[in-house]
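The next block holds one structure in the form of C-alpha cells; read it before the comments.
Each value in this text was obtained by applying a stated rule to the coordinates, not by laboratory testing. None of these values were measured; they are calculated from a predicted model. Here Cβ is always computed from backbone atoms with ideal geometry, including for glycine, and neighbour counts include all displayed protein chains.
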Amino acid sequence: MAKTPLLLVPGVLCSLRLFAAQTAALADTADIVVPDWRRAPLSIWDS
C-alpha cells in the first residue's frame, strides 16, 4: 500500500524539531516532508 504524502509547514524561524512527534507517529503511514526554512537561500524571500 502506498503511503500518503504529507507536507508539514513550520513557521519561518522554526526547525524540523517542531514536528518531531508527528513525524515519528506518522512515519509508517505517510511520506512526510518538512521544509527547513533556516537553510533556504535568501533569494526565496525576494518575491
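Side notes on the structure shown:
- Label positions at Cys14 and Ala30, each projected 7 Å from the Cα along the C-beta direction, are separated by 1.2 nm.
- Estimated Rh, the chain: Kirkwood, alpha-carbon pairs, angstrom: 11.9 Å
- Using just its DSSP H runs of length 4 or more, each adding -39500 (n - 2.57), the chain gives a mean residue ellipticity at 222 nm of -3500 deg cm²/dmol after division by all residues.
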